[in-house]
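Q: Below you'll find the structure I mean.
The values are calculated or read from the model by the stated rules, or taken from the named source; none is laboratory data. All figures in this text were calculated on a predicted structure; none of them were measured in a lab. A quick note on method: Cβ atoms are made from the backbone with ideal geometry, for glycine too, and the neighbour counts reach across all protein chains shown. Surface accessibility is based on the protein's heavy atoms, side chains included, excluding ligands, DNA and RNA. Shrake-Rupley method; radii C 1.70, N 1.55, O 1.52, S 1.80 Å.
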Amino acid sequence: MQEALIAIFAKVPEPGSVKTRLIPSLGPERAAGLAEAFLEDTVTRMRRLEWAECIIAATQPFQRGYFKPHEVWLQSEGDLGERLEKVLRLALKRRKTVLAIGSDTPNLPLQFLHHARHALATAGAVLGPSLEGGFYLIGLKDCPVGMLEGIQWGHSTTLAATAAKLDQFGMKTALVNPWFDVDSPADLERLRRQLAADPGSAPVTAEYLRRIFPGP
């Protein structure tokens, strides 16, 4: 039974609009190709979770062969907090719980999603800390209006600020395993090392990286 919904937040992978911190080293075309590989692997990976429905919360309509048109929901206008809130509330009209992640963690271990699911059995919210101080995952059973308002996004204090806001709304928050988003060249190098050891965890990304970084 699909008791939860997983929303993958993603920009349309077009050259110049995605992975901008990697463009100086990769160029816009290859950076977009990498974002495309990330998204395909993330969608495929999340579909392995039989207890969850998977959708893509996109910045604009687009189509690919690895998902169906009805699986794309459009993000609203506003900052990340507003956009997250609106998708989370819509998801909670369909399922009892919702988990939101980004598309920059193509080899995110599935056990972290299982941990988040089980944490929501006793907590009101769950956060997956990212290494730079934000979070790669948020899970909820309820999403009041204004819950994510006023948070500074992409900052070293984002996780702490989010947890504080959830506490203001009376939500007991659980933390699951930390992980990392692939934004910088150093992040990408870390991912390359992981996929060299375990290419099956994100096979499309692993193959793409082999093509753009040939050699041993």
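Q: Would you confirm whether or not segment 88-100 contains a residue that is small (Gly, Ala, Ser) and closer than 22 Å to MET147 by Cβ? Talk me through it step by step, then tell me what you get.
A: From segment 88-100, those small (Gly, Ala, Ser) are 91, 100; that's our starting set.
Add one more test, that the residue is closer than 22 Å to MET147 by Cβ, and what stays is 91, 100.
Yes, the conditions are met somewhere in segment 88-100.
Q: How many residues, within segment 17-33, are open to solvent by 50 Å² or more (accessible area, probe 1.4 Å), in contact with a helix residue (DSSP H, G or I) (Cβ under 6 Å, 6 or more places away or on another chain) and either of a type in the set (Ser, Thr, Tyr) or farther than 15 Å from TYR208 by Cβ (or both)?
A: Of all residues in segment 17-33, those open to solvent by 50 Å² or more (accessible area, probe 1.4 Å) come to 20-21, 24-25, 28-30.
Then drop every residue that is not in contact with a helix residue (DSSP H, G or I) (Cβ under 6 Å, 6 or more places away or on another chain), which leaves 25, 30.
This time we only want the ones that are either of a type in the set (Ser, Thr, Tyr) or farther than 15 Å from TYR208 by Cβ (or both), so: 25.
Selection size over segment 17-33: 1.
Q: Additional query: If you go through segment 147-163, how many residues are farther than 18 Å from LEU99 by Cα and either among the hydroxyl-bearing types (Ser, Thr, Tyr) or in a helix (DSSP H, G or I) (or both)?
A: 4
Q: Checking the condition closer than 23 Å to ASP187 by Cβ and either at pLDDT 95 or above or buried (at least 17 other Cβ atoms within 10 Å of the Cβ) (or both), which residue from LEU74, LEU5, LEU80, LEU39 passes?
A: Numbers: LEU74 fails: closer than 23 Å to ASP187 by Cβ; LEU5 fails: closer than 23 Å to ASP187 by Cβ; LEU80 fails: either at pLDDT 95 or above or buried (at least 17 other Cβ atoms within 10 Å of the Cβ) (or both).
Only one candidate passes the filter, namely LEU39.
Q: Step by step: first the residues of segment 147-188, then only those that are hydroxyl-bearing (Ser, Thr, Tyr) and surrounded by fewer than 18 Cβ atoms within 10 Å (Cβ to Cβ), then the one that is nearest to the chain's Cα centre (by Cα). Which residue is that? Full working, then the answer.
A: Step one: list which residues in segment 147-188 are hydroxyl-bearing (Ser, Thr, Tyr), which gives 156-158, 162, 173, 184.
In the following step, the residues that additionally are surrounded by fewer than 18 Cβ atoms within 10 Å (Cβ to Cβ) were identified as 156-157, 184.
Values: SER156: 18, THR157: 18, SER184: 16 Å.
It comes out as SER184.
Q: Which residue pairs have Cβ atoms under 6 Å apart, sit 6 or more places apart or on different chains, and have a first residue in segment 148-175 that is in contact (Cβ under 8 Å) with a residue 12 or more places away in the chain and a second that is among the aromatic types (Phe, Trp, Tyr) and not in a helix (DSSP H, G or I)?
A: LEU159/PHE135
Q: When segment 55-102 is examined, which residues are found to be of a type in the set (Phe, Trp, Tyr) and either over 17 Å from GLU40 (Cβ atoms) or touching a strand residue (DSSP E or B) at 6+ places or on another chain (Cβ under 9 Å) (or both)?
A: PHE62, PHE67, TRP73
Q: Right, something else. Please enumerate the residues belonging to segment 13-50 that are of a type in the set (A, V, I, L, M, F, W, C) and either touching a strand residue (DSSP E or B) at 6+ places or on another chain (Cβ under 6 Å) or on the phi > 0 side of the Ramachandran plot (or both). I'd like the intermediate steps shown before the answer.
A: Kept after step one, since they are of a type in the set (A, V, I, L, M, F, W, C), are these residues of segment 13-50: 18, 22-23, 26, 31-32, 34-35, 37-39, 43, 46, 49.
Across segment 13-50, the qualifying residues are LEU39, MET46.
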